[in-house]
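What follows is a single structure, written as structure tokens, with notes after it.
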Amino acid sequence: MNLGLFALRNLGRSRLRTVLQVGGVGLITAIMLVWGCLNTGLGDLLTRSATDLDVGELQLHAAGYVNSPDLYTTMPYTEAWQQKLKSIGLAAAPRLYGFGLAAIGNQSTGVQIRAVDLDAEPKVTEIDRHLSKGKWLEQSSPKDVVIGRVLARRLHVKIGQELVLLTQAADGAAANALFRVRGILLPASSDIDERGVFMSLAAFQQYYHMEHGVHEVALKRLNIGEPLEKVRQRLSRIAPALGPSVEVLSWRQVKPILAKMLDILAISSKFIFCFVYLSLGGLIINIGFMSIYNRLTEFGTMTALGMTPGQILTLILAESSWLGLFNSIAAWALGIPIALLLSRNGLDLRWFFDHWAMAGITMQPILYARLGWGEILTPIVVMFISLNLFSLYPGLDAARMQPSQALAPR
């Protein structure tokens, strides 16, 4: 006897029950598939917002600079570095940082001045295209700056207005100058939004009286498909040749809170999967017992005709496997098109708020799903295992039932 085909025929004889089971479990599985894609998309959004708008994927610093930022802790960056880094598959963007006071009219506040190489920075980050108003910096306008959106609101500054920057230069003298606000950024990170003032590398060096060295080199893979850890190891091997005190850091080391947040997201998604399917397991057991109760005569007849308890149990598990297959088809048919739609158009949450922040990263509230094999298969595999696992108990109960008990009039 082919118990697999027999199980399929049993499901066909109780079509309403089968449709209800497939509809309920399949819908839940489809929801979990879409939720998994959105959860992965949120992780991608956080990572992309940090690396593409701020820190890059990897960074080079003089030893100790990250723990104790200091104007004088620099590295002797040269054109030879650029070529050597490119030869191992990395685009590089040198940077300088300083702190000062920004003022306009009666308003003033502390700022972080960020100097970027206008030619190299667009190859590593997308900050030059992340503007809400105005334009990005140009070499022909060294007295222009681009500032964060919260800083602009705090100082009540508009495009074209002049901003006074006050600080202490590298030679110890007071430095102050007027800079014209050329652009205002979209949400990027709490540091950039609230304190960020961007200027060109040449303007910074002139303003701070610094002729040589950089504080940081932000890096990005030229081949995005290559594992980041492999690139980091390759970079670590050549770092001593770049300078005796150069340290290599990944974005996870530069942004440890964000890295921890992403780890928590990954773990929480697993807990949610387990919770949902454990809750679903109670429903499956209940449905299984109701199904067995309604089919007592059927099981009693099969046992009386010679089916062994093992065959009865195998039959019930075969029915569960067929249900798992139908649930999978229903979940894929519903969940994959929705996930593809969300991956292309995104889930626009701007109806509720204009931005959101997590772990110091400020993002536009448009969440794009990411559909991969992990997102497609994980809820299906978990559902399939849960369905068979939770069908085992009512199946054992049916297998132990005596024919006289099952065929007794009710």
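Miscellaneous remarks
- The overall shape of the range 338-377, judged from the alpha-carbon gyration tensor, is oblate: a/c is not under 1.5, and a/b is no greater than b/c.
- Angle in degrees between helix 373-399 and the longest Cα principal axis of the chain, rounded to the nearest 10: 30
- For a label point 7 Å along the Cα-to-beta-carbon line of A63, residues of the range 221-245 with backbone N under 18 Å: 236-245
- DSSP loop GluC sites (Glu not before Pro) with at most 15 other Cβ within 10 Å: longest gap in the chain: 212-410
- Proximal lysines to K84, defined as alpha-carbon separation beneath 29 angstrom and excluding residues fewer than eight positions away on the same chain: K123, K220, K230, K255
- Toward the positive end of the charge dipole of the chain, with +1 on the Cβ of Lys and Arg and -1 on the Cβ of Asp and Glu, the farthest Cα among V19, A30, A304 is that of A304.
- Full-extension gain in nm, I272 to I366, via 0.36 nm per residue minus C-alpha separation: 31.6 nm
- Folded to 0 to 90 degrees: helix 228-242 orientation relative to the chain principal axis, Cα: 30
- Calculated FRET value between Q253 and T73, using beta carbons and R₀ = 30 Å, to 0.05: 0.95
- Inter-probe distance in nm under a simple model that places probes 7 Å from Cα toward Cβ, at D263 and S245: 3.0
- Normalised convex hull volume, the chain, alpha-carbon set, Å³ per residue: 175
- When +1 charges are put on Lys and Arg Cβ atoms and -1 charges on Asp and Glu Cβ atoms, the dipole computed for the range 64-244 relative to its Cα centre reaches about 500 debye.
- Helix-only [θ]222 nm of the chain, DSSP H runs n ≥ 4, -39500 (n - 2.57) each, per residue, nearest 500: -17500 deg cm²/dmol
- Theoretical gain in end-to-end length, S132 to L392 [0.36 nm per residue, Cα-Cα removed]: 87.8 nm
- Viscosity 0.692 mPa s, temperature 37 °C, Stokes-Einstein D of the range 64-244 from Kirkwood C-alpha radius, µm²/s: 191
- Taking Cα centre as origin and charging only the Cβ of basic (Lys, Arg, +1) and acidic (Asp, Glu, -1) residues, the dipole magnitude of the chain rounds to 1120 debye.
- The residue list S190, I264, W136 was ranked by how far each Cα lies along the charge dipole of the chain toward its positive end, using unit charges on Cβ atoms, and I264 comes out on top.
- Spacing of the two label points (7 Å from each Cα toward its C-beta) at A304 and L8, in nm: 3.0
- Given the chain, longest segment not containing exposed loop chymotrypsin sites (Phe, Trp or Tyr not before Pro) (DSSP; at most 10 other Cβ within 10 Å): 73-350
- The simple Förster model, with R0 at 22 Å and r as the Cβ-Cβ distance, assigns Q161 and S140 a FRET efficiency of 0.65.
- Candidate cross-link partners of K270 among the aspartates and glutamates, defined by an alpha-carbon separation under 18 Å and a same-chain spacing of 8 or more, comprise D44, E375.
- The ranking of D348, D397 by Cβ neighbour count inside 10 Å, starting from the fewest, reads D348, D397.
- Spin-label proximity, L349 to the range 9-46 - amide N less than 18 Å from point 7 Å beyond Cα toward beta carbon: 32-46
- Relative to the longest principal axis of the Cα atoms of the chain, helix 256-294 runs at roughly 10 degrees.
Values quoted throughout were computed directly from the atomic coordinates according to the rules given, and no laboratory measurement underlies them. Quick caveat, the model's predicted, so the values are computed rather than measured. Using ideal geometry, Cβ is built from the backbone for each residue, glycine included, and neighbour counts are taken over all protein chains shown.
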